[in-house]
1. Among the trypsin sites (Lys or Arg not before Pro) in the range 1-96, which ones are in a DSSP loop with at most 15 other Cβ atoms within 10 Å of the Cβ? Mind listing them?
2. For the range 1-110, what is the accessible area per residue in Å², given a 1.4 Å probe and the full set of protein chains?
3. Decide, for the range 10-119, between rounded, prolate and oblate: order the square roots of the alpha carbon gyration tensor eigenvalues as a ≥ b ≥ c, take rounded if a/c falls under 1.5, and otherwise choose prolate if a/b is larger than b/c, else oblate.
4. State the label only: which of (i) 19.2, 75; (ii) 17.9, 60; (iii) 18.3, 70 corresponds to Rg and Dmax of the Cα atoms in Å computed from the shown model?
5. What residues from the range 130-152 fall in the zone where the backbone N is under 20 Å from a label point 7 Å along the Cα-to-C-beta line of residue 19?
6. List the relative contact order of the range 101-185 as a percent without decimals, with contacts defined as Cα pairs under 8 Å and 6+ residues apart.
7. Between 0 and 90 degrees, rounded to the nearest ten: what's the tilt of helix 51-62 against the longest Cα principal axis of the chain?
8. If I model a spin label as a point 7 Å beyond the Cα along the Cα-Cβ vector, how far apart are those points for residue 42 and residue 68 in nm?
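The values are calculated or read from the model by the stated rules, or taken from the named source; none is laboratory data. On a predicted model such as this, the values are computed, not experimentally measured, just so you know. Counting neighbours? That spans all protein chains shown, and the Cβs are built from the backbone with ideal geometry, glycine included. Accessible surface is based on the protein model in full, side chains and every heavy atom, while ligands, DNA and RNA are left aside. Shrake-Rupley method; radii C 1.70, N 1.55, O 1.52, S 1.80 Å.
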Amino acid sequence: MSQQNFYDNYLQVLQAITHCEENNLLTPALVMLYSAIDSVSWLACTTTKESGKAFKAWVTDWMLKDPRIQCTAEELYAARCGLVHTLTPTSSLTQRGIRKIAYSWGTASNQRLEELIDSVGAANELVPVHLSDIIEVFRTGMADYLEYVAEDPQRLDAFKEKCREHFATVSMDRVDEALSLLSVQ
């Protein structure tokens with residue numbers, strides 16, 4: 001059941017991200033996306049309890065292989081920190097010089113955004129990323145990661161163990177059923 005909770009949760013999160021993207025709700029889409037990356041990186045990590053290190057390692061291993069994403073794991077983590085904590089592009093990392101991510105979305109051209117960034121001399125401050133690209137790269141990275149987990153019994157056992165901690169929902173019908181069983185005793 002715990003693995004099913006994991007899959008149910010991610011199906012809902014991915015559907016919500018898609019809904020937000022399709023309705024031009026950029027900020028909620030990004031907050032959910034960065035939260036999902038956080039969660040998967042926690043699930044994958046067995047060596048550290050530091051969420052930043054886990055996030056960056058997972059992004060490096062499973063997302064940055066795709067050439068559509070031209071930023072670094074550190075830049076994505078800085079963007080995550082800003083958006084998740086303050087709904088801004090600014091984080092302590094960007095204040096120390098890590099480039100901020102500039103997002104294009106919908107039918108906008110990421111290449112045109114890159115041209116603008118270059119033309120105003122902001123390439124050292126901003127890196128362009130298209131929302132659709134980062135969402136798709138996350139989906140692909142997550143699918144590749146899950147295949148990787150399934151290939152090794154030890155990895156699969158560790159995955160199953162962490163899945164036991166995943167959020168679960170119970171319908172009111174099930175609650176009523178359990179209460180009625182308890183009242184019979």
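1. 49, 65, 68, 96
2. 52 Å²
3. Oblate shape, in that a/c is at least 1.5 and b/c is the bigger or equal ratio.
4. Of the listed options (i) 19.2, 75; (ii) 17.9, 60; (iii) 18.3, 70, (i) comes from this structure.
5. 132, 135-136, 139
6. Result for the range 101-185 is 23 percent.
7. Roughly 80 degrees, rounded to the nearest 10.
8. With each label point 7 Å from Cα toward Cβ, the separation is 2.7 nm.
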